[in-house]
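Notes for the one structure printed next.
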Ligand code: ADP
Ligand code: ASP
Ligand code: MG
């Protein structure tokens, strides 16, 4: 008998028929002789609608109340899923994140899991129930409701799997697994059969939202092997696990794209120690998350500094930086949105040369201009005009032979 954690995302529980599909799948897995924990997301669109509702009543809703509101999305789904299973004649019990023992920090809307005390889960399993847990939520040690950041049901599933020492953790979604690029953008993208934690983490954090990046980080830390697969068929999915020697043979595992980026450039920044620190401290103190940073070579004692962030953060960044630009004696601050990031990821990049050149060639063949470049050990990323992102992704995908190679 195996202990299995299954997670079903928003589309997979998007309407009553799909919830019944989840119920039937969970029952089938139980009837095959396993114990089942099912983590569910809010029905598709529900979380977005709740966010919109909050903005309709207040321009700047408190994050504590946002969490109280957002947690209702998953609470609806656990009840409906348990009812569906009961209706099919099987035992099921629903638990909120708090009832499942998920204790988090008090960083509302992006709380971190501190620890899990899953006694209630294991007891309900022992009584023969399929246990349905609300994804994306927990509570602080003081008992206040928290949520784990967008896409956080992935994290709930992986953390619960670690806490109850599950034999199997399956992330069911609306695609057959992790692809070499988002199949909605690159039609020739191929399903990857195995990917390392590090590659999955880099892809997730550079825009491949098939997995929440924090959940992958957690899986790596606690060695939770998991599979990403479709809730609409029985095709094998993608196994995410520690890297193996054979994985190094693939230079580029996948292409990620991230739209809705913005760039700030501060011109003629005096080239003195402490200036960059002043600028980026102001950014950090505002809680802004920035991505690529580029500083030009200094000419005649001054330099330009550019950095990127999510477009939503741009107004806040501009407001925070306006006084700092004056204070450090820079000329001006230029802001630009309508840009996107394209990244290639692969652990084989550590030991192969010419990867960046091939990326730049592919983009130049489409006449696509590169505005910024950044590299890390297993990733090369560029900023390009957002209108060219789909074309760029297809060209790069093709140049690295990802549409034809078998992985
Ligand atoms: P869920 O609601 O099940 O959590 P998500 O919408 O969060 O599902 O993630 C699945 C979506 O991720 C897919 O529909 C797909 O468009 C997108 N996606 C982006 N990059 C990739 C990729 N490399 N492989 C597979 N899907 C991807
Ligand atoms: N419902 C949450 C969201 O839309 C969490 C999740 O789906 O994983 O972000
Ligand atoms: Mg998701």
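Side notes on the structure shown:
- One Cα centroid belongs to segment 343-407, the other to segment 209-254; the line between them spans 21 Å.
- Stokes-Einstein, applied to the Kirkwood radius of segment 22-125 over Cα pairs at a viscosity of 0.692 mPa s and 37 °C, places its translational diffusion at 213 µm² s⁻¹.
- 19 Å tail of the calculated P(r), segment 198-349, as % of Cα pairs: 63 percent
- Taking label points 7 Å from Cα along the Cα-to-Cβ direction, residue 221 and residue 316 give a separation of 2.2 nm.
- Rounded to 5, percent antiparallel among DSSP beta bridges of the chain: 60 percent
- Between the Cα long axis of helix 63-87 and the first principal axis of the chain there is an angle of about 40°, rounded to the nearest 10.
- Between helix 46-57 and the chain there is an angle of about 60 degrees, using the helix long axis and the longest principal axis of the Cα atoms.
- Here, P(r) means the percent of Cα pairs in each 10 Å bin from 0 to the largest distance; for segment 108-222 it is 12, 41, 31, 13, 2.
- When each of the peptides 295-303, 375-383, 44-52, 147-155 is scored by the mean number of other C-beta atoms lying within 10 Å of its residues, the order from highest to lowest reads 147-155, 375-383, 44-52, 295-303.
- For a modelled paramagnetic label at residue 91, 7 Å from Cα along Cα-to-Cβ, the residues of segment 101-139 in reach, with backbone nitrogen under 16 Å, are 120-132.
- Relative intensity, log₁₀ I(q)/I(0), of segment 310-354 from a Debye sum that treats every alpha carbon as a point, q = 0.16, 0.30, 0.32 Å⁻¹: -0.64, -1.13, -1.16
- Judged by the mean number of other Cβ atoms found within 10 Å, the most tightly packed of the peptides 238-249, 73-84 leads the ranking 73-84, 238-249.
- Histogram of C-alpha separations across the chain, 20 Å bin width, %: 25, 53, 21, 1
- Tilt relative to the chain, helix 389-399 - C-alpha long axis, 0 to 90 degrees, to 10: 90 degrees
- For segment 281-331, convex hull of alpha carbons as volume per residue, Å³: 82 Å³
- Mean Cβ neighbour count within 10 Å, used as a protection proxy, ranking 56-67, 171-182, 24-35 highest first: 171-182, 24-35, 56-67
- Secondary-structure-derived ellipticity at 222 nm for the chain, considering helices only, amounts to -10500 deg cm²/dmol, per-run term -39500 (n - 2.57) for DSSP H runs with n ≥ 4.
- Here the mean projected area of the convex hull built on the C-alpha positions of segment 312-407 is 8.3 nm².
The numbers here are math on the coordinates, done by the rules we state, and not lab data. Here the structure is a predicted model, which is why all the values come from computation and not from measurement. Here Cβ is always computed from backbone atoms with ideal geometry, including for glycine, and neighbour counts include all displayed protein chains.
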